[in-house]
């Protein structure tokens with residue numbers, strides 16, 4: 001007698017309806033980061049294609065990953081097209097395939113756009129909690145789109161000492177919309193800034209969620225004792241700002257080295273060099289997983305300038321997919337499809 005094989009389909013709305021909070025997401029992502037530090041995973045640098053008709057930064061990446069300890073395996077096929085907002089579409093789209101580790105059978109196919117936002121913000125917030133100066137009060141957030149929205153929610157949740165937030169976006173309505181939304185969960189001061197300097201200068205924590213085309217962080221604005229985390233590689237920093245950091249942290253060293261290599265020949269739409277790390281890849285102090293696992297200290301002095309650049313690891317996506325799958329099954333969310 002044939003055994004029925006079923007797969008769960010989860011739309012973006014399904015995933016949002018599961019209502020995972022920052023702490024739920026952080027627990028899963030931290031487990032993946034610890035597995036990374038222990039070497040109990042399989043993952044490769046992102047394989048990508050780059051349809052550049054509308055923007056030289058467009059990408060579609062394949063991100064297979066396996067976590068031995070969590071018994072989680074899958075593949076994220078994710079696209080990043082920064083000009084999608086002009087068509088009223090999200091910049092990040094794609095699907096996540098979650099597989100059974102014993103049979104290889106797909107257990108679920110789910111939207112990966114919201115998942116990616118949760119994962120990315122969780123990683124940034126985790127490393128900020130470990131490496132920002134104790135008692136940090138001012139958060140500067142450049143880029144108020146979907147990723148910025150997620151980062152503000154997660155960083156303020158994990159670092160309760162923050163009492164003031166500065167927002168900056170080239171699209172004024174995006175900053176205004178985020179400020180309005182943030183007042184539902186953040187009771188501190190929120191300021192919408194008209195310039196990058198007004199937003200970033202002398203902030204305790206700088207989070208950049210931009211398209212990476214412009215070097216928006218100047219050396220003089222990145223004060224002693226500050227912590228910065230960026231999702232667009234090191235592209236948000238001038239070379240002088242990036243290389244003055246006392247500690248430079250990444251999520252995965254081979255991944256950072258790979259992106260450094262491919263960025264050396266990259267140019268902007270108007271022909272300017274567009275390296276992933278201005279001035280070259282800085283000397284890497286640690287991975288995020290090593291700090292999460294307690295193998296290396298994060299901040300050791302109130303005077304240290306620390307920069308963290310998580311390129312984005314598939315193992316974190318897989319860890320979160322496992323939580324989403326189990327939660328959806330428990331809550332009977334999603335559509336079940338019969339495969340065979």
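The values are calculated or read from the model by the stated rules, or taken from the named source; none is laboratory data. All values derive from a computational prediction rather than experimental measurement. Positions of Cβ are backbone-derived with ideal geometry, glycine not excepted, and every protein chain shown enters the neighbour counts.
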Taking the residues in region 243-256 that are without any contact (Cβ under 8 Å) to a residue 60 or more places away in the chain and surrounded by 14 or more Cβ atoms within 10 Å (Cβ to Cβ) as candidates, determine which candidate is nearest to residue 313 (Cα to Cα).
256
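Looking at 109, 127 in this structure, which one is modelled with pLDDT of 95 or more, touching a strand residue (DSSP E or B) at 6+ places or on another chain (Cβ under 8 Å) and outside any strand (DSSP E or B)?
127
Which residue out of 307, 292, 336 is crowded, with 21+ Cβ neighbours inside 10 Å and in contact with a strand residue (DSSP E or B) (Cβ under 6 Å, 6 or more places away or on another chain)?
Only one candidate passes the filter, namely 307.
Considering only residues that are touching a strand residue (DSSP E or B) at 6+ places or on another chain (Cβ under 6 Å) and at pLDDT 95 or above, look in region 197-213 and name the one that is surrounded by the fewest Cβ atoms within 10 Å (Cβ to Cβ).
The first filter runs over region 197-213 and keeps only residues touching a strand residue (DSSP E or B) at 6+ places or on another chain (Cβ under 6 Å), leaving 199-200, 203-208, 210, 212.
Keeping just the survivors that are at pLDDT 95 or above gives 199-200, 203-208.
Details: 199: 23, 200: 26, 203: 24, 204: 21, 205: 25, 206: 31, 207: 27, 208: 29.
Selected residue: 204.
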Condition test on residue 140, is it in a loop (DSSP other than H, G, I, E, B) and under 25 Å from residue 297 (Cα atoms)?
no
Determine whether residue 112 is under 21 Å from the mean Cα position of the chain (by Cα), under 30 Å from residue 173 (Cβ atoms), crowded, with 16+ Cβ neighbours inside 10 Å and in contact (Cβ under 8 Å) with a residue 24 or more places away in the chain.
yes
Within region 64-87, the residues that are part of a strand (DSSP E or B) and surrounded by fewer than 17 Cβ atoms within 10 Å (Cβ to Cβ) are 77
Residues of region 61-74 that turn out to be within 15 Å of residue 97 (Cβ to Cβ) and without any contact (Cβ under 8 Å) to a residue 60 or more places away in the chain, as a count
2
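Take the residues in region 225-247 that are part of a strand (DSSP E or B) and in contact with a helix residue (DSSP H, G or I) (Cβ under 8 Å, 6 or more places away or on another chain), then tell me which one is nearest to residue 133 (Cα to Cα).
Among residues in region 225-247 that are part of a strand (DSSP E or B) and in contact with a helix residue (DSSP H, G or I) (Cβ under 8 Å, 6 or more places away or on another chain), the one nearest to residue 133 (Cα to Cα) is 227.
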